[in-house]
Amino acid sequence: MSRSAWSGLAVHSHPDVVRAVHEDYITAGAEVIITNTFGTTRFLLEPAGLGREFETINRNAVQLAIQARDASGRDVAIAGSISNLPPGMNAANYPDPDLELAGLRELAAILADSGVDLIALEMMQDTRHATRAMEAALETGLPVWLGVSCKQRVDGDGLVSFDLPNMDFARPLDALIPMGPSVVNIMHSDIDVTPQAITMVRERWPGPIGVYPEVGEFASPNWSFDADATPDRLVEHARGWAKRGVVLVGGCCGTTPAHIAALAKEFG
Ligand SMILES: [Zn+2]
């Protein structure tokens, strides 16, 4: 983990671990794996001293996923992750809009050229940065899975964006869904808010909906996981989501290969 680029440096520092993580999830039954490129735009890698490695890191991130898939002999889709993470995880550090869009385009193009099957936008939460990510992803011509993240409003009813307590969750949905994703994923959101989020997405989106929740949080320097969120409990909730039309389920932060194995057993 890096203060500047989240998990973005792991491909450079620990490539064998990244490949092994992909392999563990494929073995558990995952049908889609996501590249470790959540934090690898040039403007995130530069403050970490790795700006010149930008292209190599991103091409290698896709290669590690491809190697894991090819070794498995299984038909697994590879999603190229793109986020709106600001440098240093501080929104004041976003580059100018033109540079930000250029950085997102550059990443999307490299992921597409390196062989991902689709782009997974992750933790899209607002109407400005997220629309730039969406624009960059759509330009690749690949299917774009729009991942949105929300939580319960602290001072009342309704949902807000995960990191933006004043951003009504309807706003990013209304800005991004009309741009034309292939799938809308409710991801990195708590299990408890997911039913309400499904309702809000369904009101705006007739197409496929996916859910991959988080069950833990990063408390530097380590992760803290929700021990109650067992694989069985995730399956129990996922049955309810499936009844409401959700066609893709998985796990985000805090979930493990055991969670994916349980989902695969239930739905695979
Ligand atoms: Zn997550």
Fill in: Of I177, I186, I82, the one that fluctuates the most in a GNM where the chain has Cα springs shorter than 10 Å
I177
Worksheet item: Based on the Cβ-Cβ distance from T199 to D163, what FRET efficiency comes out when R0 is 35 Å, to the nearest 0.05?
Response: 0.95
Worksheet, complete the sentence: the chain: Kirkwood hydrodynamic radius (Cα pairs, Å) comes out at 18.5 Å
Worksheet item: For the stretch 160-201, what log10 I(q)/I(0) values come out of the Debye formula at q = 0.18, 0.30, 0.31 1/Å, with one point per alpha carbon and no solvent?
Response: -0.52, -1.28, -1.31
Item to complete: Considering only D117, D96, D232, give the residue with the highest GNM mean-square fluctuation for the chain, with springs between Cα atoms whenever their separation is below 10 Å.
Response: D96
Worksheet item: Nearest-5 percent of antiparallel DSSP beta bridges in the chain?
Response: 30 percent
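Taking the mean number of other Cβ atoms within 10 Å as a proxy for protection, how do you rank 145-153, 163-171, 22-30 from highest to lowest?
145-153, 22-30, 163-171
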Worksheet item: Which percent, to the nearest 5, of DSSP beta bridges fully inside the stretch 148-215 are antiparallel?
Response: 50 percent
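Mind checking the stretch 201-268 for trypsin sites (Lys or Arg not before Pro) that DSSP puts in a loop (not H, G, I, E or B) and that have at most 15 other Cβ atoms within 10 Å?
Passing both the DSSP loop test and the Cβ count: R204, R244.
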Fill in: Cα convex hull of the stretch 1-138, projected area averaged across orientations, nm²
7.6 nm²
Practice prompt. Give the residues of the stretch 224-268 whose amide nitrogen is closer than 20 Å to a point set 7 Å from the Cα of A71 in the direction of its Cβ.
Written response: 256-258, 260-261
Worksheet item: In deg cm²/dmol and to the nearest 500, what is the mean residue ellipticity at 222 nm of the chain if only DSSP H runs of at least 4 residues count, each as -39500 (n - 2.57), divided by the residue total?
Response: -12500 deg cm²/dmol
Fill in: Semi-axis lengths, Å, the stretch 143-268, gyration tensor of Cα atoms, sqrt of 5 times eigenvalues
22, 19, 13
Fill in: Rounded Å value of the spacing that divides the Cα centres of the stretch 91-144 and the stretch 146-195
18 Å
Worksheet item: To the nearest 20 debye, what charge dipole does the chain have about its Cα centre, counting +1 at the Cβ of each Lys and Arg and -1 at the Cβ of each Asp and Glu?
Response: 280 debye
Response to the item:
Rounded to whole angstrom, the alpha-carbon centroid of the stretch 2-66 lies from that of the stretch 238-262 at a distance of 23 Å
Worksheet item: Considering only DSSP states other than H, G, I, E and B, which GluC sites (Glu not before Pro) in the stretch 183-249 qualify as loop sites with at most 12 other Cβ atoms within 10 Å?
Response: E203
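Once you have the Cα-Cα distance between E55 and S224, take 0.36 nm times their residue separation minus that, and quote the gain in nm to one decimal.
Answer, rounded to one decimal: 57.6 nm.
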Item to complete: Report relative contact order for the chain in percent, whole number only (criteria: Cα-Cα under 8 Å, sequence separation at least 6).
Response: 15 percent
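Every number here is computed from the coordinates shown, using simple stated rules; none is lab data. Please read these numbers as outputs of a predicted model, since none were measured by experiment. Every residue, glycine among them, receives a Cβ derived from its backbone with ideal geometry; neighbour counts consider all protein chains shown.
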